[in-house]
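Report on one structure; see the data block that follows.
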Amino acid sequence: MREATECAWGMFLDTLICRLGDVQDGEALALVAPSGRDGWSTQLVIRADRDRGWMWVTRGISGSTAAEEVVARVGESGAFELAQAIVRAAREDLRLPHPQLFTARADGPGAARLAESLGLAVAGTVGEPTSGGGEPARGGPETLRPMVERVIREVFGQEPGVDDDGDLTFDLAGTTAFVLFRADGGMIEAWSMVVRGVYSRRNTAVELDLLNRRGAWSTWYMRDRNVFQKIMLPARPLSAENLEGMLRAFAQDFRQNRDELAYRLGGMAA
């Protein structure tokens, strides 16, 4: 899975190099990462203006009026340099595990063409609020559950189940994943078993500590001799866009790490 991820980033980089010129003067393309544990989404915004230096990319908080930080600015022959800066910021600063976790927002037809070339659906314009998919939901589990059910259908193409505790379930690469709701509606959590029956609890603790230090969106932990993965999302309020980003990141982390973890820990993939 690691090789497939590296290939995806390589293709993303190559496409940026070849198609950054599609973004015309006055246009902008925002690459919005899934929201972090604090509920905020970081975005990289690509802009073009030949009179001001051709192209540049900034980093900031999606939906915020705060000033953005310039990541890189290049001249007319600097597509390679700018593309490298975008990928480096995405992987090292935003800790994005896969480029397809980006959501695109485009101002202008050239920016929309670049998003399409990158394989990203355009969810709106750069200046629009980031809470796509309808109004954000706020309240207890019964209020939040319909939105979560809808996003699971859209992301995974399946009807979610409901267990005896009222938690939602869905299939993730042959394993049952769960979405839990905190009673006060302030947080939701997705979790799943990843590995069964690890050989050494001590070795597993070391491996999970190293994995958790990578800065991925998910967290891995051990209970008895089994390994689990979880991801948390603040839900005051809960937006469909942030929820979709969370679930896509959770699924990507799971697929990327499950089999390798099982091999390294001497256990069985869940």
Check: If you check every pair at least six apart or on different chains, which have Cβ atoms under 8 Å apart with a residue in region 7-26 that is within 17 Å of Val45 (Cβ to Cβ) and outside any loop (DSSP other than H, G, I, E, B) first and a residue that is open to solvent by 30 Å² or more (accessible area, probe 1.4 Å) and not charged (D, E, K, R) second?
Finding: Arg19/Ser117; Asp22/Ser117
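Just for strands (runs of 3 or more DSSP E) wholly inside region 151-270: which have at least 3 residues that are within 20 Å of the chain's Cα centre (by Cα)? Break it down stepwise before answering.
Values: elements: 168-172, 175-181, 187-196, 219-223, 226-234.
Answer list for region 151-270: 168-172, 175-181, 187-196, 226-234.
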Checklist line | Matching residues, region 33-54, being closer than 24 Å to Ala235 by Cβ and either assigned to a helix (DSSP H, G or I) or at pLDDT 90 or above (or both) | finding: Gln43
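Residue by residue through region 139-150, note down the ones that are surrounded by fewer than 18 Cβ atoms within 10 Å (Cβ to Cβ) and either part of a loop (DSSP other than H, G, I, E, B) or more than 21 Å from the chain's Cα centre (by Cα) (or both). Let's see the steps before the verdict.
Narrowing region 139-150 to residues surrounded by fewer than 18 Cβ atoms within 10 Å (Cβ to Cβ): 139-140, 142-143, 146, 149-150.
Passing the criteria: Gly139, Gly140, Glu142, Thr143, Pro146.
So which of Val57, Val71, Val126 is at pLDDT 90 or above, of a type in the set (Val, Ile, Thr), touching a Lys or Arg at 6+ places or on another chain (Cβ under 6 Å) and closer than 19 Å to Gly26 by Cα? Lay out the reasoning, then the answer.
On the way: Val57 fails: touching a Lys or Arg at 6+ places or on another chain (Cβ under 6 Å); Val126 fails: at pLDDT 90 or above.
Answer to the selection: Val71.
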Next item on the list: Looking at (1) within 27 Å of Leu120 (Cα to Cα); (2) of a type outside the set (Gly, Ala, Ser); (3) open to solvent by less than 40 Å² (accessible area, probe 1.4 Å), find the lone condition where Arg255 falls short.
Entry: (3)
Next item on the list: Scan region 144-155 and report the pairs whose first residue is closer than 15 Å to Leu172 by Cα and whose second residue is open to solvent by 30 Å² or more (accessible area, probe 1.4 Å), with Cβ atoms within less than 8 Å and a gap of 6+ or a chain change.
Entry: Val151/Gly133; Val151/Glu244; Ile152/Gln158; Arg153/Glu159; Glu154/Glu244; Val155/Glu244; Val155/Arg248
Next item on the list: Would you mind telling me which numbered condition in (1) open to solvent by 10 Å² or more (accessible area, probe 1.4 Å); (2) touching a residue at least 12 places away in the same chain (Cβ under 8 Å) Gly185 fails?
Entry: (1)
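The values are calculated or read from the model by the stated rules, or taken from the named source; none is laboratory data. Values in this document were obtained by computation on a predicted structure and should not be read as measured data. All Cβ positions, glycine included, derive from the backbone under ideal geometry; neighbour counts span all protein chains shown. The accessibility values were calculated without ligands, DNA or RNA, using every heavy atom of the protein model including side chains. Shrake-Rupley method; radii C 1.70, N 1.55, O 1.52, S 1.80 Å.
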